1. Check the range 282-297 and report whether any residue there is within 26 Å of the chain's Cα centre (by Cα) and more than 16 Å from ligand 2 (Cβ to nearest atom).
2. Before we move on, is G333 out of contact with any strand residue (DSSP E or B) (no Cβ under 9 Å at 6 or more places or on another chain), under 30 Å from G503 (Cβ atoms) and surrounded by 24 or more Cβ atoms within 10 Å (Cβ to Cβ)?
3. Being of a type in the set (D, E, K, R) and either outside any loop (DSSP other than H, G, I, E, B) or in contact with a Pro (Cβ under 7 Å, 6 or more places away or on another chain) (or both) is the filter here; which residues of the range 174-226 pass it?
4. Search the range 499-518 for residues being in a loop (DSSP other than H, G, I, E, B) and of a type in the set (A, V, I, L, M), and hand back the single one that is nearest to E148 (Cα to Cα).
5. Out of the residues in the range 383-400 that are over 16 Å from S412 (Cβ atoms) and in contact (Cβ under 8 Å) with a residue 40 or more places away in the chain, which is surrounded by the fewest Cβ atoms within 10 Å (Cβ to Cβ)?
6. Would you be able to tell me the number of residues in the range 189-219 that are buried (at least 24 other Cβ atoms within 10 Å of the Cβ) and hydroxyl-bearing (S, T, Y)?
7. Looking only at the range 137-167, how many residues end up being surrounded by 24 or more Cβ atoms within 10 Å (Cβ to Cβ) and more than 23 Å from T198 (Cβ to Cβ)?
8. Considering only residues of the range 465-501 that are aromatic (F, W, Y) and within 16 Å of ligand 3 (Cβ to nearest atom), which is nearest to the chain's Cα centre (by Cα)?
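Since every read-out is calculated from the coordinates, none of them should be taken as a lab result. As the structure is a prediction and not an experimental result, all values here were calculated from the model. Glycine also receives a Cβ, built like all others from the backbone with ideal geometry; neighbour counts cover every protein chain displayed.
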Amino acid sequence: MDTKLLFQDAASFQTPMLAVFAVDIAVGKDAEPVVALLTTSDAVAGAAAKVLASGEFKAAAGETLLLHAPNGLKTERLLVVGLGKAKGLSVDEVRKGAGTAVRAAKPLGVRELAIAFPEDHALDDEHLETLPCMLLSRVLVEGAEVAELDWDTYRSERKDRSVRALSVIAKEAEKSTRAEIQEGFDAGLIVAAAQNFTRTLVNEPGNVLTPTELGKRAAAMCAEVGLKCEVHSTAKLQELKMGAFAAVAQGSEQPPALIVMTYEPKLGKGESFGADSPVLGLVGKGITFDTGGISIKPGDGMEKMKYDMAGAAAMIGAMRAIAQLKPKVKVIGIVCSAENMPDGKAYRPGDVVTAMSGKTIEVINTDAEGRLVLADGLHYAKTLGCTHLIDAATLTGACVVALGIVNVGLFSNDEATWQKFTDAAKISGEKFWRLPCTDDYKDQIKSHIADMRNTGANRWGGAISAAMFLKEFVGETPWVHLDIAGCAWNDENKPWLANGPSGIAVRSILEWVRAYAA
Ligand code: BES
Ligand code: ZN
Ligand code: ZN
């Protein structure tokens, strides 16, 4: 999508469709909705006045209203997009609203769209907390760009439903305000491109996106944005003594890939990093297909296990944006990618493997492979000097049972790190729910013959057992673990997002990284 930011009057902008946001300013739970537009343009407000007065449109989040040939406006159509209640309006509603506008245009065959920049000061302050215009502009672009992506790569006859051009129309404003809106707009394009890059990787089938191919795509991306990238395979795993990661990989014809992406910020004159400066480690589970291995999964729904590399894809996407946003903090992205297959050479239940840290693991179930590859990835990150760790993984079905498909399971061994991440998530709009990983649960991973076992002793709290296992490998290093199994893939279309890979966690991880920037 060719996305532009223009400073001019929305009413006189010639376009097939102009979208404007609306909120419900009625106070009180049972009050009849009172709809107000987030614009100071009298012409735009005037064009919608009659239909809004009818009360038919309530400005509920996701609700849209389409007017043809609106009076007094140059646009061919006016699309009013509801954002819900004005009181407590979050930036995520604006993000979704922009996405809803783009996806509303598609079935109409509208190829060019304009969105009127939400002027929240158009309303009374008592109804709406004024949101920073830089943030508004960023989330608007994020929502629109992410909404544009549809999945027709593998159809021989493609139906082109793309929206080719988007103009964000902000009113003429002071120079400083314009600069802020522009800055948010530029950042939004970067963040959205990263999230879409992640989603595109996750959408790829297992026969196309092997660990080797994932390594190639990561390396190509790194070359494009100027990141250092190394892609290793079996020999390096052996050299590093990554016995847990290697065990998972050994049942596949496809060699594993250990991908290491490094971002070193350029410092200005007189700036330097202290010895105690943070180094952030982003570790992703990259199982390009999870059959379960010898503990093979049932056939029903197994095709979806191509998305078992969504954690890796999130980290690769995040690294892409980090290279472009240039925060002043060192970040290392580590992806452990393998295919989990049953085979004559495959690892088996009962095997004991030695992880890179030296700890021994009794394999109870070869389908609990994610924690094995991450054990070595997390330990390796520490040896590279990472002071803070975050991992993302489609790790357990148990997490989906616990939290459904709304919240990502979040675990942490450090309050300050958890708090930083939680603050970041408020801006990203992504939802996380913290679950415990205190030592009360440690018995779950006790083994009779090795240092630990790779599944819980019983079936209760499976997401926690997995987190307890990972915790053994992070030690004292502050760490956040994201179990994204329930949120990485949407089976249903949403008004603001196509079904399929969601790109979950990319935005929150980026926000978290920014929080550490000097
Ligand atoms: N990749 C799966 C987890 C998963 C399940 C992701 C559903 C997305 C949706 C993981 O490798 C796995 O199979 N975990 C097992 C662990 C069990 C054997 C302890 C699970 O959750 O059943
Ligand atoms: Zn598995
Ligand atoms: Zn898996």
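1. Checked the range 282-297: at least one residue is within 26 Å of the chain's Cα centre (by Cα) and more than 16 Å from ligand 2 (Cβ to nearest atom).
2. So G333 does not fit the description; no.
3. Going through the range 174-226, the residues of a type in the set (D, E, K, R) turn out to be 174-175, 178, 180, 183, 186, 199, 204, 213, 216-217, 224.
Across the range 174-226, the qualifying residues are K175, R178, E180, E183, D186, R199, E213, K216, R217, E224.
4. Step by step, filter the range 499-518, then rank; the result is I504.
5. Filtering the range 383-400 for residues that are over 16 Å from S412 (Cβ atoms) and in contact (Cβ under 8 Å) with a residue 40 or more places away in the chain, the one surrounded by the fewest Cβ atoms within 10 Å (Cβ to Cβ) comes out as G385.
6. Selection size over the range 189-219: 1.
7. Final tally of qualifying residues: 0.
8. So, considering only residues that are aromatic (F, W, Y) and within 16 Å of ligand 3 (Cβ to nearest atom), the one nearest to the chain's Cα centre (by Cα) is W489.
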